[in-house]
Each structure stands twice: as C-alpha cells, then as structure tokens.
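Have a look at the structure below, then the notes.
The values are calculated or read from the model by the stated rules, or taken from the named source; none is laboratory data. Treat the numbers as computed from the prediction; the structure is a model and nothing was measured. All Cβ positions, glycine included, derive from the backbone under ideal geometry; neighbour counts span all protein chains shown. SASA here: full protein model, heavy atoms, side chains in, ligands and nucleic acids out. Shrake-Rupley method; radii C 1.70, N 1.55, O 1.52, S 1.80 Å.
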Amino acid sequence: MSARGTALYPLRLTVTAKPLVFGGHALARRLGKRGLPDWSVAETWECSDVEGNRSVVANGPLAGQSLHQVLTDRPEELMGAAFSGPHFPLLTKFIDASGTLPVHLHADDETARRLEGQPNGKTEAWHILHAAPGATALCGVKAGVTADRLRAALQAQDFDAVLRRLPVRAGETLYVPGGTLHSFGPDTLVYEIEQTSDIQQHAMRWNMEDGSPVGEAEHRSNLDMLMRQADLETRPDFTPGLSVAVGDGVERVFLCAGPYFALERWRAGTAEPLRRSFATAQVLSNVGAPVRVRTGGWSEELGRAQTLVLPAACGEVEITGPADVLFGCLPDLDRDVRDPLLAAGYPLPLVRRFIASSA
C-alpha cells in the first residue's frame, strides 16, 4: 500500500534542539530526555510547523514527510472536519531555563498581520515541570505604568521597575497572550504550547543565540518595534488548573484553554489505564516514566520526554499506567472544555472564568 493510501497513525516527529545561551542540561538530567547533543540545550521543538524548523515524520510509511506535508495532503484525517488553516496550529517545546530568558514579547494576531506580515501572532502558555525554591517569572506590565515609563525602564534594563515578578511553582500554568512582555528562569523547566509562529521582539542588550552584545542603535530600533507591539494591560497569573477524576486512579487536569490551544495533564496509576477520546489532533508529550500507547491496532512505547502527534482519525487512545502525560490540542471550547467541566460538577461561572483567563 502506498504512503498516501495508508491509514493515518500516531506520528513520531524529528526534534530540533536549540543551543541558546540560557540553556543547560536539565532536559537530559532531570527530565530524562535522550538523544540530545552534549552541549547546553535551551529548547527542544517537539512539534513544529514553523517554516525553517518544520518537524519531519520519523516513523512508519510517512517517514521523511514534513508535518506540513501531512497536513496539506490529509487535513481532515489529521485535524478533523472543522479545521482550516495554513499550517499545523500548535508549536510545542520543552524549555530548560537554567539561565534567565531574555525579556521579550510576541505579537498578537492583529499586530502580527499589520507589522510583521505574518498570518498570526503567538500566544503561548507555560506549564511548569520544575522550579527551584524562590524561582520567579516576569509577566505583564505593572498597573499604572505608562508607555514612556516602560520605554525608559527597558532602555535602562530596569525590568523590575515596570514588570510584574511572579512566583513560579511546579504544576502551575501561565497563559501568556500575544503582546505580553515576559521572561522566566533561572532554574526552571517548562513545557510550552503556543501558536505556530517564531515572531518575537527583544528588550535585551545581548543576543540570546550566543550572548554577543547588541549595539546601541540596534537596541533602540528593537525597542521601537517592541513598543509598537506591547500590550500594557494584560496581567495574567499562574493557575493550578481544574482537576477531574475520570477513573480509578486516573486524574485529568485542565491546565489552560483558549481559542488557540488547550493543555491538559493526565495521570494514571495501575488500577486501570488512561483512556481519552478526541475529535481533533492531539500532541501527546510524556513527562513521566515510559508508557505504552495504544490506538486502534497501533501500540508502541513512548519514552521519557518524547512526543507523539495523534491524528484526529485515531479517535481514541489508551495509555497503560503509571502515566504522567500532557495533551495539547486546538479545542472546540464547548465540546472539549466547558461540557466536561460542567459534567464534573464545576459551576458555570467558574468554568467561564477559567476559559476567559486563557482567552
């Protein structure tokens, strides 16, 4: 049977490792991710349709095809009947902030189209896998700070004068709308889910690729563009999510949910397997011990810090515990978030606030 005639199956993707200056060795040493280079790794791009960094299928009959090509050839099988778009909508990463990330932002959709010539911006969310005691993040401009004051503080690199510094705890999640100034680290390990984009504007006097200095004229130009994109009103906060028991020893935690993505963390013991049904593609990332993943007639082990894309055509998945995994998707907010939370007994006002906090 030709690759085109093959039923779509769980896709293992190539991973891109990024050697940015804030990285270290925590992805291998703490998370257990294998196959990384010996040098410090800041990020691994687990699932990407960003031009120039597109993931490639690494297993089965479609091996060698890009994720983008699979989407182009088989959009309904991969994403479900309701999807339309120029690329796979989710970018997911593991991030080792052994050092501190640069203070930066990503444009929202409107600004990306107007100023960057891009089809969409980049809203993102951070799920904290590990944080050292006392770890913090910068996210959002303090109330009452004017654009002029913000610009002056960024020029002087006096970030705490104008940006909110938040405590960081493992297990919590922060939804970061496009246009929000932010940074995190050091000593923080993060799973990030975001819109498919690599646009960004930095406030730093050094380059995150190699730490080389940014000249004064370039820095001023960078701040000019950053200030045109900055949202001074967004002030998101970390949340522990909403937990739902779905079986004997099986827990489902809704971490965040908005129009661009939803992220959930599922844990299971050994009394019964984790079972999940879905109608759109799922990005499944393992943050625990190796697990056995089954869907239809397909069954394979998913190792520590490995990722699969489960096409919509699969419809359901079973994972043998003990398990600790993340599911990311482009949700139908009513079907995939509101309805299951209401069925679990959460009151409608709380559910609305949860979704609104991620929108």
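If you take the beta carbon distance between Ser299 and Asp210 as r and set R0 to 51 Å, what does 1/(1 + (r/R0)^6) give as a FRET efficiency, to the nearest 0.05? Could the numbers behind the result be given before it?
Details: r = 43 Å, r/R0 = 0.85.
Step by step, r from the Cβ atoms, then E = 0.70.
Can you tell me the FRET efficiency between Ala63 and Ala7 if r is taken as the Cβ-Cβ distance and R0 is 25 Å, rounded to the nearest 0.05? Can you show the working numbers first?
On the way: r = 15 Å, r/R0 = 0.61.
According to the calculation, E is roughly 0.95.
Where does the chain land on Rg(C-alpha)/(2.2 N^0.38 Å)?
Numbers: Rg = 20.1 Å, N = 359, 2.2 N^0.38 = 20.6 Å.
Relative to the 2.2 N^0.38 Å estimate, the chain comes out at 0.98.
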1.4 Å probe accessible area per residue over the range 14-67, in Å²: 47 Å²
With θ set to phi - 60° and the Karplus curve 6.51 cos²θ - 1.76 cosθ + 1.60, what are the ³J(HN,Hα) couplings of the range 115-123 in order, to the nearest whole Hz, using x for Gly and Pro? 10, 10, x, 10, x, 7, x, 9, 7
Starting from the 7 Å offset along Cα-to-Cβ, what nm value, one decimal, do you get for the label separation of Ala271 and Leu333? 3.4 nm
On the accessible surface of the range 1-85, probed at 1.4 Å, how many percent belong to carbon and sulfur atoms? 48 percent
Calculated from backbone phi, Karplus (6.51, -1.76, 1.60) coupling profile of the range 320-328 in Hz, x at Gly/Pro: 7, x, x, 9, 8, 9, 10, 10, x
Sparse-neighbourhood loop hits (trypsin sites (Lys or Arg not before Pro), the range 223-288; DSSP loop; Cβ within 10 Å at most 13 others) -> none
For the range 164-271, which GluC sites (Glu not before Pro) are in a loop by DSSP, counting at most 14 other Cβ atoms within 10 Å? Glu209, Glu233
Can you give me the solvent accessible area of Ile355 with a 1.4 Å probe, rounded to the nearest 10 Å²? 30 Å²
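Just how many pairs of Lys in the chain have C-alpha atoms closer than 22 Å, counting pairs that are eight or more places apart or on different chains? Walk me through the intermediate numbers first.
Working: Lys18/Lys33; Lys18/Lys93; Lys18/Lys122; Lys33/Lys93; Lys93/Lys122; Lys122/Lys142.
Number of lysine pairs found: 6.
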Taking chymotrypsin sites (Phe, Trp or Tyr not before Pro) as exposed when DSSP calls them loop (any state but H, G, I, E, B) and at most 16 other Cβ atoms lie within 10 Å, what is the longest stretch of the chain free of them, the sites themselves excluded? 84-359
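Of the listed peptides 285-296, 336-347, what is their order by residue-averaged count of other C-beta atoms within 10 Å, with the highest listed first? Walk me through the numbers before you get to the answer.
Details: 285-296: 18.5, 336-347: 15.3.
Result, highest mean Cβ count within 10 Å first: 285-296, 336-347.
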Amide H partners (placed H, <5 Å) of Glu46, local residues excluded: Thr92, Lys93, Phe94
Could you state the accessible area per residue of the range 181-300 in Å², with a 1.4 Å probe and every protein chain left in place? 39 Å²
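Counting helices only, and only those DSSP H runs with n ≥ 4, report the 222 nm mean residue ellipticity of the chain as the sum of -39,500 (n - 2.57) divided by its residues, in deg cm²/dmol to the nearest 500.
Values: 7 runs with 54 residues, N = 359.
For the chain, the value works out to -4000 deg cm²/dmol.
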Figure the gain on full extension for Met225 and Val145 (residue separation times 0.36 nm, minus the Cα-Cα span) and round it to one decimal in nm. 27.0 nm
Cα gyration tensor shape of the range 112-209, rounded if a/c is under 1.5, else prolate or oblate by comparing a/b with b/c: oblate
For the range 236-357: rounded, prolate or oblate by the Cα gyration tensor [a/c cutoff 1.5]: prolate
